[in-house]
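The values are calculated or read from the model by the stated rules, or taken from the named source; none is laboratory data. Keep in mind the model is a prediction, meaning the values are calculated, not measured. When we count neighbours, we look across all protein chains shown, and the Cβ atoms used for this are built from the backbone with ideal geometry, even at glycine. All accessible areas refer to the heavy atoms of the entire protein, side chains included, with ligands and DNA or RNA removed. Shrake-Rupley method; radii C 1.70, N 1.55, O 1.52, S 1.80 Å.
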Amino acid sequence: MSGDKSFGPSRRAFLTGAGALAAGGAASRAVAGSGPEIAIEPWMQELGVGVDAAPYGLPSRFEADVKRRSVPWLTADPVSSVNFTPLHDLDGIITPNGLCFERHHGGVAQIDPAAYRLMINGRVDRPLVFTMEDLKRFPRENRVYFLECAANSGMEWRGAQLNGCQFTHGMIHNVMYTGIPLKLLLEEAGVIPSGKWLLAEGADAAGMTRSIPMEKALDDCMIAFKMNGEALRPEQGYPVRLVVPGWEGNMWVKWLRRLEVGDQPWHHREETSKYTDLLEDGSARRFTWEMDAKSVITNPSPQAPITHGPGPTVLTGVAWSGRGTIPRVDVTLDGGINWHQARMDGPSMPKSMHRFYYEFDWDGSPLLLQSRAHDSTGYVQPTKDQLRAVRGENSIYHNNGIQTWAVDADGRAENVEIS
Ligand SMILES: Nc1nc2c(c(=O)[nH]1)N[C@H]1C(S)=C(S)[C@@H](COP(=O)(O)O)O[C@H]1N2
Ligand SMILES: [Mo]
């Protein structure tokens with residue numbers, strides 16, 4: 001913590017809290033007239049396991065509850081479904097690989113990298129096919145980006161529904177990608193002047209495709225093969241996925257097998273019947289690519305109640321914008337009557353998640369928690385009512401409205417809507 005007086009519990013409150021803990025803790029005793037003691041536990045009295053016990057390390061068994069979860073009623077079949085990142089169990093800005101939410105339309109393809117091929121064809125001078133070996137000879141870059149499914153928070157359009165930020169906001173992950181700027185591969189193939197669009201195609205059973213404008217492809221798209229330093233997970237598109245920074249997750253084609261250069265968009269399924277926003281008057285917005293600024297308080301939240309009682313409390317959450325960085329997040333404890341500027345902590349990178357904290361002294365009274373993100377373009381995250389006023393109630397996708405958690409006097413939190 002810094003010395004900033006605008007946040008954080010008072011030193012005195014903190015010490016009282018720590019003293020109370022030492023006196024009441026199960027493994028500790030305060031003996032009159034002496035200092036506190038802590039027990040000699042069994043794990044100090046026997047050797048631990050050796051270095052060969054876990055060639056690929058796993059989390060502590062006490063963390064078994066930290067996992068992706070799905071919502072059974074959302075889809076009929078797990079091979080065309082989604083699970084959610086446990087945001088309430090994470091901190092910092094990087095999503096661990098095994099906890100990145102998964103969304104796939106035809107199950108996880110199992111691709112042998114030795115048999116992997118990526119083709120670039122269409123309006124190019126030289127149609128090309130790349131092997132993994134070929135790809136690894138191009139200069140590569142490392143960049144951190146969030147991927148958010150456009151349907152994240154989609155179940156919340158008409159009112160509060162799912163109880164937990166894992167379910168309301170967990171269709172997002174934030175990962176450091178190692179990959180090749182797509183521009184370099186397109187230059188190798190030589191896009192002819194009429195080549196204005198790209199069709200990205202997956203090698204999964206869904207054969208998922210999306211149209212991407214050439215300006216974006218040449219700007220910051222990547223052909224990624226590593227996430228957080230290691231090979232992509234099969235769930236995330238092993239061995240190669242397309243990275244489309246700041247744009248809706250559906251465009252980040254996994255198990256990428258082909259890039260066709262064309263002169264116009266293809267209007268395939270995922271950009272017509274899906275991932276368009278149905279408006280009040282029955283018309284639909286197409287191509288809402290950029291993800292608007294959004295934030296959510298991850299703790300406290302329904303899956304992460306306040307368990308320590310009144311006193312010093314750490315409120316934290318994440319914020320992101322498809323248009324840049326998040327210089328500021330405001331939080332309110334009383335449903336928007338008073339707003340406080342949260343403390344941003346950790347790296348601030350464009351089109352990446354940002355972490356915020358607000359430390360406060362909880363007096364034990366009920367709270368209405370909200371967070372509101374400001375992005376580097378000056379855009380401010382809207383309320384759900386403001387969104388509905390513009391978009392009506394038929395939408396599923398692109399709900400970036402402000403989330404409310406109601407905390408009761410026992411510290412339990414619930415998903416609610418207030419207006
Ligand atoms: N080939 C292929 N790519 C795909 C999909 C798919 O089903 N097949 N799903 C898309 C959708 S809708 C989203 S939100 C993201 C999810 O990425 P993730 O599984 O890494 O979270 O991948 C996209 N890329
Ligand atoms: Mo998605």
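Backbone amide hydrogens, once placed in the peptide plane, bring Arg69 within less than 5 Å of Phe84, excluding anything fewer than 5 places away on its chain. In the range 204-276, the C-alpha radius of gyration followed by the widest Cα-Cα span (Dmax) gives 12.4, 36 angstrom.
Considering only Leu185, Val380, Leu368, and ranking their Cα positions along the charge dipole of the chain that arises from unit charges at the beta-carbon of Lys, Arg, Asp and Glu, the one farthest toward the positive end is Leu185. For the chain, relative contact order (Cα pairs under 8 Å, six or more residues apart, normalised by length) works out to 16 percent. Once you divide the Cα radius of gyration of the range 100-188 by 2.2 N^0.38 Å, the number left is 1.50.
Calculated from the alpha-carbon coordinates, the range 290-419 shows an Rg and a Dmax of 14.6, 42 Å respectively. Pairs of Lys residues in the range 77-285 that lie 8 or more places apart, or on two chains, and have C-alpha atoms under 14 angstrom apart add up to 5. With Cα atoms as the point set, the range 154-213 shows a radius of gyration and Dmax of 18.2, 51 Å.
Per the Kirkwood formula applied to alpha carbons, the range 343-419 shows a radius of gyration over Rh ratio, Rg over Rh, of 1.02. Residues in the range 294-416 average 37 Å² of solvent-accessible surface per residue, probe 1.4 Å, ligands and nucleic acids excluded. Near the amide H of Lys226, within less than 5 Å, lie the amide hydrogens of Thr178, Leu232, all on another chain or at least 5 residues away, with H placed in the peptide plane. Applying the Karplus relation 6.51 cos²θ - 1.76 cosθ + 1.60 with θ = phi - 60° to the range 201-209 yields 3J(HN,Hα) values of 10, x, 9, 7, 4, 6, x, 5, 10 Hz, where x marks Gly and Pro.
From the C-alpha coordinates alone, can you work out the Kirkwood hydrodynamic radius of the range 44-199, in Å?
Mean inverse Cα-Cα distance, inverted, gives 19.5 Å.
Placing +1 on the Cβ of every Lys and Arg and -1 on the Cβ of every Asp and Glu, with nothing else charged, gives the range 327-419 a dipole about its Cα centre of roughly 560 debye.
Please compute one quarter of the surface area of the Cα convex hull for the range 250-322 and express it in square nanometres.
Averaging across all directions leaves 9.0 nm² for the Cα convex hull.
In the range 77-285, inverting the average of 1/r over every pair of distinct C-alpha atoms gives 17.7 Å as the Kirkwood radius.
In this calculation the C-beta distance from Arg61 to Glu215 is compared with R0 = 41 Å, giving a FRET efficiency of 0.25. When only alpha carbons are used to place a centre, the range 170-191 and the range 84-152 end up 8 Å from one another.
The GNM of the chain, with springs linking C-alpha atoms under 10 angstrom apart, assigns the highest mean-square fluctuation among Pro213, Pro127, Pro55 to Pro55.
Based on a Kirkwood Rh over C-alpha pairs, give the Stokes-Einstein translational diffusion coefficient of the chain at 25 °C and viscosity 0.890 mPa s in µm²/s.
105
The charge dipole of the chain, taken about the Cα centre with unit charges on the Cβ atoms of Lys, Arg (+1) and Asp, Glu (-1), comes to about 660 debye, rounded to the nearest 20.
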